[in-house]
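Okay, structure first, notes after.
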Amino acid sequence: MKTINFDQSNATLLIQVFQNSPSFMAFVEGSHFIFKFGNQKFFELIGHNEIIGKRVEEALPELEEQGLLDILHTVSQTKTPYKGLEVPVYFNGALGRLERFLDFTYQPILSDHGNVVGILIEGTDVTEKVLSRVALEKAKALVENERSNFRSLFKDTPHLVCILRGPEHQFEFVNEAHIRLLGFDATGMKVREAQPESVEVHGLLDDVYNTGVTTHHYEIPVTLGDRIRYFNLTYSARRDDDGRINGVMVLASEVTTHVEMRKELEASKQTLALEQHKLDAIFHVSPAAMALWVGEDMVFEKLNSEYQKIFPGRDLQGRPFLEALPELGQFGELVKNVLRTGEPFVGVEFPVPIRRTEFGPIEERYFDFTYIQIKDAHGNPYGVYDHAIDVTDRVTARKDLEAAKSEAVRANELKSAFLANMSHEIRTPLGAIMGFADLLRDPDLPYEERVNYLEVLQRNGNQLTVIINDILDLSKVEAGQMALEFLPLKPETVAHDVISLLRVNASEKGLKLGFERDPSTPAEIHSDPTRVQQILINLVSNSIKFTHSGSVSIRTFGQTENGRTVAAFEVIDTGIGIQPDQHERIFEVFVQADSSVTRKFGGTGLGLSLSRRLARVLGGDVVVKESQMGKGSTFLVTIADQPEKKKAVIPVVAPLSSTESGGESDKPLTGIKVLVVDDTPDNQRLIKHFLRRAGANSDVVDNGLVAQAKALEGDYDIILMDIQMPEMDGYTATQQLREKGYKKPIIALTAHAMAEVRRKCLSVGYTDHLTKPINSADLVSMVHHYVRA
């Protein structure tokens with residue numbers, strides 16, 4: 001009960017509260033129940049707002065029909081509130097009949113004297129909640145009904161059905177077929193208890209329980225009692241509401257009869273005509289496609305499911321062969337000949353044009369099949385029996401194998417040709433090195449010739465280094481072990497650097513080496529500058545090699561691919577050109593355009609293959625954009641911007657300048673004491689000579705163990721230490737020196753040029769890294785930098 005003083009301020013406040021209420025609200029006044037107020041929720045509920053000033057039976061006559069007006073009278077007379085829950089109510093709105101479920105209250109409003117002055121109607125539309133609950137209850141009932149149906153199906157099916165629980169496979173449910181098979185009800189028992197002799201399936205059940213993978217097994221021999229029987233089995237993992245495996249469901253069909261009959265058939269193929277009566281027994285359970293055509297029109301009298309699977313969308317039963325399958329017209333005469341002569345026809349891996357549906361596309365399949373004449377009881381020709389097995393997979397696999405063998409032979413031939421060429425390419429500079437080294441032994445050799453011979457040695461040594469580096473780079477790319485360093489890279493700068501490096505080569509052939517920058521060229525991308533320059537050097541060097549006159553130029557521009565900025569380089573030449581059928585072949589490993597090119601121009605045939613692989617690991621590619629024989633070629637290089645792979649720039653020691661050496665460019669290392677650690681006598685002598693010529697004093701040891709003692713005892717300004725040595729390697733020696741507090745610079749000397757080796761050197765305590773073969777200028781510059789800088 002509540003009493004409300006209806007002065008003007010209260011009325012205004014109540015109206016604001018009513019309007020903002022999440023419930024529908026209305027107020028009827030007096031004994032005639034005249035609507036004085038309704039909020040927007042109430043108007044939405046009844047479907048209109050034309051009620052103010054009207055009596056309830058006038059504004060909403062449908063409430064009287066539903067007995068709700070009687071309840072208003074009762075509340076008014078008894079002064080007792082009424083509360084209805086999930087009451088079905090309908091309203092005749094502007095758009096028709098609106099049916100709702102409501103939770104509502106009729107609250108009498110009393111004056112100060114206790115008289116009912118009106119009734120407050122307040123409530124909530126719970127239609128969605130009620131309908132959802134009803135739908136849920138129906139769904140539960142439906143699920144329970146389906147569960148009951150499935151239980152009945154499993155119980156009565158002739159197939160064996162059982163449900164196992166837990167890792168020990170305890171029988172939770174078995175059907176009548178399973179009970180008949182074992183001779184007892186195994187419910188509650190573990191598989192290994194109920195069927196201890198059936199060891200064939202124990203491991204299969206364990207696998208399904210542990211992996212959750214559904215498995216199908218066909219014609220599995222299972223020991224039951226003292227007999228082996230055969231089954232087609234399906235094992236499927238059973239899961240709880242959280243998706244965890246809690247058991248295994250088993251569906252099994254005994255195929256012992258089928259297996260035994262098939263074995264009998266295989267054993268009696270030579271007397272098949274005499275044992276024709278067995279055909280029908282195995283016809284419908286055979287894994288082979290079988291059909292029987294009768295009469296001259298070869299009408300389909302019977303066919304099994306496997307045969308129908310070949311033509312799933314076609315009606316064959318009772319139709320003549322050539323009418324039902326007109327695309328197989330070529331087989332019509334074969335069938336008729338077998339029917340007339342009784343001579344069987346055997347097709348092995350026969351190509352057959354199959355149309356799965358009446359008007360579907362033709363699909364070529366391969367079959368092993370046999371046509372056999374069938375006679376009636378009087379010995380007269382009756383029809384032709386077709387026994388077919390789809391061997392398309394086998395034929396395809398064999399063809400793939402033959403193609404793979406052919407490709408392997410071709411690859412081996414290419415490899416042999418490559419090795420022969422590589423032997424030539426390596427032996428050529430090696431022969432020059434050994435020959436001119438022998439000539440240098442001549443004590444009477446003039447100075448000018450001696451200098452010339454040394455230049456020959458250096459040039460051929462550089463050529464040999466390039467060949468070996470290309471082989472190693474290609475091997476690393478092929479193995480997926482190419483280490484890349486993504487740094488800021490300016491395409492225009494890289495192009496200029498390549499032109500500067502190769503300008504002399506072009507000038508020696510009288511070629512113009514040019515550069516063109518398109519405005520679309522990106523100012524900077526993130527990639528591996530060393531590898532991009534390596535790609536361009538390979539391509540420009542090739543163009544110079546194969547161009548007799550005219551020019552070679554680099555053009556840069558930019559483009560966008562898949563939302564990513566791409567720097568593009570075109571290498572354009574006026575050379576000999578490339579045949580169209582060689583545009584892709586030249587990028588294969590071990591391949592050049594033709595052997596005459598190799599003989600005429602030399603080269604390993606690795607450059608383009610390596611360049612393409614490097615470009616692809618950098619997110620781009622190398623392709624022949626265009627080429628005309630006798631007019632030239634254009635190669636296109638694309639390199640993707642990959643800022644997400646950006647790494648910190650590792651500072652590189654610059655070559656020593658005359659200013660840095662204090663003007664003593666002839667003896668820049670005077671007064672510096674160096675410890676050289678290398679196990680190769682030739683390297684020891686070479687490095688010691690470079691240092692002595694630059695003014696430094698040096699001591700030499702041949703392993704890391706001795707180097708540790710010398711470093712800690714002697715007063716050396718810097719240590720030059722090899723990585724791979726006997727007794728103790730350089731990594732271990734350097735790491736232990738740092739652990740003992742040794743602070744002076746230690747430079748790694750190694751024949752390994754990979755970035756990962758450099759990073760490992762720095763991680764164990766090396767100060768920097770020099771790659772063999774040692775360049776004297778780089779050696780002197782680095783020693784000077786870390787001792788004097």
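The values are calculated or read from the model by the stated rules, or taken from the named source; none is laboratory data. All values reported here derive from a predicted model rather than from experimental measurement. Note that each Cβ is placed from the backbone with ideal geometry, even for glycine, and that neighbours are counted across all protein chains shown. For the accessible areas, the whole protein counts, side chains as well, though only heavy atoms, and no ligand, DNA or RNA atoms are used. Shrake-Rupley method; radii C 1.70, N 1.55, O 1.52, S 1.80 Å.
Do we find that Gly188 is free of Cβ contacts under 8 Å to residues at least 60 places away in the same chain, in contact with a strand residue (DSSP E or B) (Cβ under 6 Å, 6 or more places away or on another chain), over 26 Å from His258 (Cβ atoms) and not hydrophobic (A, V, I, L, M, F, W, C) in this structure? No: the conditions fail for Gly188. Starting from segment 534-549, take each residue that is farther than 14 Å from Glu570 by Cα and list its partners that are in a helix (DSSP H, G or I) and of a type in the set (Phe, Trp, Tyr), counting only C-beta distances under 9 angstrom and pairs at least six apart or across chains. Hits for this filter: Lys545/Phe601; Phe546/Phe601. Tallying residues that are in contact (Cβ under 8 Å) with a residue 40 or more places away in the chain and either touching an Asp or Glu at 6+ places or on another chain (Cβ under 8 Å) or open to solvent by 40 Å² or more (accessible area, probe 1.4 Å) (or both) within segment 374-393 yields 9. Read through the list (1) assigned to a strand (DSSP E or B); (2) over 31 Å from the mean Cα position of the chain (by Cα), then give the number of the only condition that Asn538 fails. Of the numbered conditions (1) assigned to a strand (DSSP E or B); (2) over 31 Å from the mean Cα position of the chain (by Cα), the odd one out for Asn538 is (1).
Yes or no, residue by residue, for (1) open to solvent by 90 Å² or more (accessible area, probe 1.4 Å); (2) at positive phi; (3) at pLDDT below 90; (4) in contact with a strand residue (DSSP E or B) (Cβ under 8 Å, 6 or more places away or on another chain):
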position	(1), (2), (3), (4)
Arg97	yes, no, yes, yes
Ala139	no, no, yes, no
Glu144	yes, no, yes, no
Ser152	no, no, yes, no
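Restricting attention to segment 539-555, and to residues there that are within 15 Å of Ile639 (Cα to Cα) and buried (at least 22 other Cβ atoms within 10 Å of the Cβ), which single residue is modelled with the highest pLDDT? Step through it out loud before you land on a result.
Step one: list which residues in segment 539-555 are within 15 Å of Ile639 (Cα to Cα), which gives 539, 554-555.
Add one more test, that the residue is buried (at least 22 other Cβ atoms within 10 Å of the Cβ), and what stays is 539, 554.
Details: Leu539: 93, Ile554: 96.
Only one residue fits best here, namely Ile554.
Among the residues making up segment 552-591, those that are in contact with an Asp or Glu (Cβ under 9 Å, 6 or more places away or on another chain) and basic (Lys, Arg) are Arg555, Arg564. If you check Ala483 against the conditions, is it in contact with a strand residue (DSSP E or B) (Cβ under 8 Å, 6 or more places away or on another chain), over 20 Å from Ala568 (Cβ atoms) and modelled with pLDDT under 95? Criteria not met by Ala483.
Scan segment 510-526 and give yes if some residue there is touching a residue at least 60 places away in the same chain (Cβ under 8 Å) and of a type in the set (Asp, Glu), otherwise no. The answer is no; no qualifying residue exists. If I go through segment 686-737 residue by residue, how many of them are touching a residue at least 60 places away in the same chain (Cβ under 8 Å) and not acidic (Asp, Glu)? Total meeting the criteria: 9.
The sole residue among Leu737, Leu779, Leu762 that is among the aliphatic types (A, V, I, L, M), under 48 Å from the mean Cα position of the chain (by Cα), modelled with pLDDT of 85 or more and more than 15 Å from Asp717 (Cα to Cα) is Leu762.
What do you reckon, is Leu762 open to solvent by 50 Å² or more (accessible area, probe 1.4 Å) and either in a helix (DSSP H, G or I) or in contact with a Ser or Thr (Cβ under 8 Å, 6 or more places away or on another chain) (or both)? So Leu762 passes the test. Within segment 1-39, the set of residues being of a type in the set (A, V, I, L, M), at pLDDT 85 or above and open to solvent by 30 Å² or more (accessible area, probe 1.4 Å) comprises just one member, Ile34.
Within segment 335-347, being without any contact (Cβ under 8 Å) to a residue 40 or more places away in the chain and more than 24 Å from Pro361 (Cα to Cα) holds for Asn337, Thr341, Gly342, Glu343, Pro344, Phe345, Val346. Taking segment 107-130 as the range and being open to solvent by less than 10 Å² (accessible area, probe 1.4 Å) and under 21 Å from Glu64 (Cβ atoms) as the test, the residues that pass are Pro108, Gly118, Ile119, Gly123. Out of Ser609, Ser633, Ser596, which single residue is modelled with pLDDT of 90 or more, among the hydroxyl-bearing types (Ser, Thr, Tyr) and in the same structural domain as Arg531 (by the TED database)? Checking each option against the conditions leaves just Ser633. Taking strands (runs of 3 or more DSSP E) as the structural unit, those lying wholly within segment 689-759 and holding at least 3 residues that are open to solvent by less than 10 Å² (accessible area, probe 1.4 Å) correspond to 718-722, 746-750. Scanning segment 541-561 for residues that are of a type outside the set (Phe, Trp, Tyr) and part of a loop (DSSP other than H, G, I, E, B) yields Thr547, His548, Ser549, Gly550.
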